[in-house]
């Protein structure tokens, strides 16, 4: 395989880290020269805080109560778990949360993170620091991520349109009050190379509590078990906090990341199993044609003002842009009309999508604490306005049956390199626009010492518009969809003792037709522009406890999610709101210190899914009584570490996913699997840490991502395996 030239990336990395280090040193020198600096204040932070997986409060201002008092299942993957696992992508981070599965990307809809929570898609329900981030892309690196919050259940009150099974809130690293610089490096199997810098410097003499932080990353590796597939990326994320006075502060943050990857569409499969004669290592794309080039840029301004101890105003503004040029060759194959053991490609081959996704979003929140008639209130009210623009140019390279050998290709040895003629041609253009305006209010009301009432309302004005054009820019479609919807949520919390809670909660959400037009460019059609939104509703009964003097959090919940007005494609090609689906089950969680040396992060989900109603004339949709696709009845995740004497730490992780349906219209199953990981850490001294991670200890072949299709002889489906066994040695030096 032809490897990419890494020299420009490495030179850029060295330059970026050098500039960041010089900048940090300059800031430190300026601080030393400032008259406001006193040497006696250098070590005000004292001893570093004890590590803990237990998070007390959501980072979102919309959650007015601590997690213990919030009547909802919220799982927070903390920075400690991310660091100990060396989890580098959002998918790896979310693998710590039971009840989450991943779909494989499709070329027609745009590949990227495709996430299911409690059986329903959450592709459009990802936020960064509380602001919608719906572009369909692969969130490949965590170098600027502090923690990830998974909020379970329908919740349009929190995230706007969507959120059937839940939403995801990614929390970015922010400037801090103490000075530090951490240099990190990693080497591993499969050509793994990684360098990072995380540097923070308080700006003494610049306003009040001002600080600057910068994170820099460069990375490359081949995918374990898929040696033909390589990944390269680099990124930089500076942030500046300016304190104008004790009451007013402005944080300015920027983010840039560039990815250069070879797309991986897995191996051909039938009924969830790879075809006979195919190896998990086989590559069915064209390495000299396929590519995935991504450039992400974002700028965020966060202005906060405290009127007093009980009244606070926040205004968040973000502009983001993602440019992505992707050429993919699907691994669907046709084994009809060729000798046994041969195939012709059946899916899109060298199909290109050149997209630009832009978003402007502004959110204003006013938080107030007050009493009325003897009732305590923690109130947040606010408004949000956003515009997303999606521009797509579709093209291909003219590959087709006429260019393939008459007897096809060897199924057990796909060529991987295209030697035939290429005729690149544009096939069409799409321009989508999505506008949303919303008003919302949240309140936690302390009825008395033992009872809290939690409520939220949000009203959305949602509008989508799609224009489509052919290759000559002649307009072929012009469609508009408008929806206005009130979303609500309510919960009652009973506090029998100081460390225990029982709660019951209800919430709803809606999925408008235009929900994803700025994410994957699916666009509106005459059949869908006037459809009402899908409707979702949840009930949850749960309990939360803090044990061992508050060191350990234990929670459990019974839940039911029901979707009505589910969109279904009929045999004549029309779309009707004819479906009804339900997922119900149990969630359990355990997080925190078992002892001072032993930490645990574990969760378990049991869920039963079913299609309750389906139209008789629908084409290829679920049969009544069938379980939903890619929705395992049982899933379990564990990460635990134990600190030994002399600076050693041992870590172990396990993940279990039970058998689950390939799709909602079949009984074909994906195999259950157990996955095991291990970590050994050693603190050489107060500055230097070493860590060895071995992932997939027993080199298990397991399907992590699936297209929810059974496949036929004429056009197979495809499955994407999780990473094979790999080992990574990292070192971090902090000063």
Cα centroid of the range 241-256 to Cα centroid of the range 628-657, whole Å
37
Between the range 370-411 and the range 275-336, the alpha-carbon center distance in angstrom:
9
Going from the fewest other Cβ atoms within 10 Å to the most, one would list 699, 443, 436 as 699, 443, 436
Using a 7 Å offset from the Cα along the Cα-to-Cβ direction at both residue 51 and residue 547, what is the distance between the two label points in nm, to one decimal?
2.2
Of the peptides 500-512, 553-565, how do they stack up when ordered by the mean number of other Cβ atoms within 10 Å, highest first?
500-512, 553-565
Relative contact order %, the range 67-734, counting alpha carbon pairs below 8 Å whose residues are six or more apart:
13
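Starting from 0.36 nm per residue, how many nanometres of slack lie between residue 554 and residue 447 once their C-alpha separation is accounted for?
36.1 nm
Let me have the 222 nm mean residue ellipticity of the chain computed from DSSP H runs of 4+ only, each contributing -39500 (n - 2.57), with the sum over all residues rounded to the nearest 500.
Details: 4 runs with 43 residues, N = 735.
My calculation for the chain gives -2000 deg cm²/dmol from helical runs alone.
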Between residue 209 and residue 683, what is the FRET efficiency for a Förster distance of 35 Å, r being their Cβ-Cβ separation, to the nearest 0.05?
0.70
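Roughly speaking, what is the stretch gain from residue 288 to residue 426, that is 0.36 nm per residue apart minus the C-alpha to C-alpha distance, in nm to one decimal?
Numbers: separation 138, 0.36 × 138 = 49.68 nm, distance 1.90 nm.
So the chain would gain 47.8 nm between residue 288 and residue 426.
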Taking 7 Å along the Cα-to-C-beta vector as the label spot, tell me the residue 323-residue 375 distance in nanometres, rounded to one decimal.
5.4
Among the range 694-726, those whose backbone N falls under 20 Å of a label point 7 Å along Cα→Cβ from residue 674 are 694-704, 722-726
For the range 270-413, list log₁₀ I(q)/I(0) at each q in 0.11, 0.20 Å⁻¹, using the Debye formula over Cα point scatterers of equal strength and ignoring solvent, two decimals each.
-0.66, -1.16
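Please work out how much length the chain gains when fully extended from residue 176 to residue 299, using 0.36 nm per residue of separation minus the C-alpha to C-alpha distance, in nm with one decimal.
This chain segment gains 42.4 nm when fully extended.
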Could you give the Stokes-Einstein D for the chain in µm² per second, using the C-alpha Kirkwood radius, 4 °C, 1.567 mPa s?
48
With each label point set 7 Å from Cα along the Cα-Cβ vector, what nm distance links residue 227 and residue 494?
6.2
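We did not get these values from a lab; they are worked out from the coordinates using the rules stated. What you see is a predicted model, and the numbers here were worked out from it, not measured in a lab. Because the Cβ atoms are built from the backbone with ideal geometry, glycine has one as well, and the counts that use them run over all protein chains shown.
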